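The values are calculated or read from the model by the stated rules, or taken from the named source; none is laboratory data. Since the structure is predicted, the reported quantities are computational estimates derived from the model, not experimental observations. Neighbour counts run over all protein chains shown; Cβ positions are idealised from the backbone, glycine included.
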Amino acid sequence: MADKKRELITTVIGPGIAAYTYIAKPDTQGKYADNKHKITLVVDQDAPFVEKFKAKCLEAAKREWPKAKPEKVVLPLADGDDRTDKDGNPKEEFAGKYLITAKTSKKTFQTVDAKRGAIPKSKIRAGDEVKVSVTLNPCVVSGVKRVALWLNGVQLITKNNDGGSFDTGFEDEEGYVASEDETFEDEDEEADQDSDGGEEDDDDDDF
């Protein structure tokens with residue numbers, strides 16, 4: 001008998017500041033490299049969308065595990081106050097923030113400007129203000145129930161760093177719009193990263 005088809009939730013999170021961006025190219029080097037395209041969204045812990053996002057994550061968990069206690073499910077919001085540098089010092093830039101990471105092994109995710117026009121993936125860099133379209137993926141990692149995020153697309157709202165047909169759910173926003181003379185082929189460049197690569201994260205099911 002075939003397994004019941006999973007009804008996964010897709011939503012848009014942000015705006016927030018992009019960090020650990022592996023958009024044009026996957027993360028292939030460093031301690032935490034996993035050969036996936038990914039982005040970490042840094043947001044204030046009291047940002048307006050956060051509570052609704054948490055509620056959607058718990059809804060996704062309940063669909064997957066109807067009897068699971070909410071407090072036993074790990075949500076995809078890492079506490080920035082727990083982040084330290086290599087010397088064990090708190091990372092001040094993450095104080096009072098949540099870090100939300102989405103990733104995919106596919107190359108077909110969308111990158112668009114504030115008016116939903118296509119832009120090269122290399123346009124999006126760490127430090128830019130973005131929104132991210134994600135699909136919530138309840139999974140079990142090392143015996144722990146958690147909600148991971150599949151990356152569907154990234155919308156560039158404000159350009160702070162100059163260095164497919166899937167409905168991502170983005171809406172028009174005031175902000176960055178690609179000019180008509182811009183090319184739409186991804187350039188051979190990527191944002192500055194920490195030497196260890198992206199964030200430390202457990203593997204999860206990917207699509």
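List of remarks:
- Of residues in region 19-31 being over 16 Å from Thr104 (Cβ atoms) and assigned to a loop (DSSP other than H, G, I, E, B), the one modelled with the lowest pLDDT: Lys31
- Number of residues in region 123-164 that are outside any strand (DSSP E or B) and either crowded, with 20+ Cβ neighbours inside 10 Å or under 11 Å from the mean Cα position of the chain (by Cα) (or both): the value is 5.
- Test: Arg63 is surrounded by fewer than 22 Cβ atoms within 10 Å (Cβ to Cβ), assigned to a strand (DSSP E or B) and among the basic types (Lys, Arg): no
- Boolean, Ala118 is modelled with pLDDT of 95 or more, farther than 21 Å from Asp27 by Cβ and small (Gly, Ala, Ser): yes
- Taking the criterion of being in contact with a helix residue (DSSP H, G or I) (Cβ under 8 Å, 6 or more places away or on another chain) and either closer than 14 Å to Pro26 by Cβ or in a loop (DSSP other than H, G, I, E, B) (or both), the residues of region 93-112 that qualify are Ala95, Gly96.
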